[in-house]
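A.B. asks: Below: one structure in C-alpha cells.
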Amino acid sequence: MLKLAGMQDEHCAAKLAQALKAVKGVEDAKVSFDQNRATVSFDEFLVSTQRLQVAVEDAGFQIAKPVHGEDGECCGGCGG
C-alpha cells in the first residue's frame, strides 16, 4: 500500500492506476482518491517498491511521508 499526495479528483486516481498497471510485474493496482492511497499487487522479483515510487512520480503525483507522532514527526517505528 502506498500513501499518496497530489491527487485532485477521481480522474487523477484513474490516471495513476493506469500508470501503475503499466509497470512490468504489477498484477493489479487500485487507487482511492478518497483515502489518498494505492493498493498494488506485484511480483517482487520483477518490480521493486522504488520502481513503483518512480511510476507514481512520473505520473505527476507524490508518495506521502509517514507521520505517526502527536507532534507531527514520524514515530520512528516505520523507518520513514
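The values are calculated or read from the model by the stated rules, or taken from the named source; none is laboratory data. All values derive from a computational prediction rather than experimental measurement. Counting neighbours? That spans all protein chains shown, and the Cβs are built from the backbone with ideal geometry, glycine included. The accessibility values were calculated without ligands, DNA or RNA, using every heavy atom of the protein model including side chains. Shrake-Rupley method; radii C 1.70, N 1.55, O 1.52, S 1.80 Å.
A.B. asks: Being of a type outside the set (A, V, I, L, M, F, W, C) and modelled with pLDDT of 90 or more is the filter here, so list the residues in the range 1-15 that pass it.
C.D. replies: 8, 9, 10, 11, 15
A.B. asks: Same structure again: Any residue in the range 32-59 that's in contact (Cβ under 8 Å) with a residue 12 or more places away in the chain: show its pairings with residues that are of a type in the set (A, V, I, L, M) and open to solvent by 80 Å² or more (accessible area, probe 1.4 Å) at Cβ separation under 6 Å, as long as the two are six or more apart or on different chains.
C.D. replies: 37/1; 39/1
A.B. asks: Which members of the range 28-48 meet the condition of being surrounded by 12 or more Cβ atoms within 10 Å (Cβ to Cβ) and not in a strand (DSSP E or B)?
C.D. replies: Of everything in the range 28-48, those that are surrounded by 12 or more Cβ atoms within 10 Å (Cβ to Cβ) and not in a strand (DSSP E or B) turn out to be 33, 35, 36, 46, 47, 48.
A.B. asks: Taking residue 79, is it at pLDDT below 90, over 11 Å from the mean Cα position of the chain (by Cα) and open to solvent by less than 60 Å² (accessible area, probe 1.4 Å)?
C.D. replies: It is false that residue 79 is at pLDDT below 90, over 11 Å from the mean Cα position of the chain (by Cα) and open to solvent by less than 60 Å² (accessible area, probe 1.4 Å).
A.B. asks: For residue 25, indicate whether it is at pLDDT 95 or above, surrounded by fewer than 16 Cβ atoms within 10 Å (Cβ to Cβ) and small (Gly, Ala, Ser).
C.D. replies: yes
A.B. asks: How many residues does the range 2-22 hold that are part of a loop (DSSP other than H, G, I, E, B), open to solvent by 30 Å² or more (accessible area, probe 1.4 Å) and out of contact with any Gly (no Cβ under 9 Å at 6 or more places or on another chain)?
C.D. replies: 3
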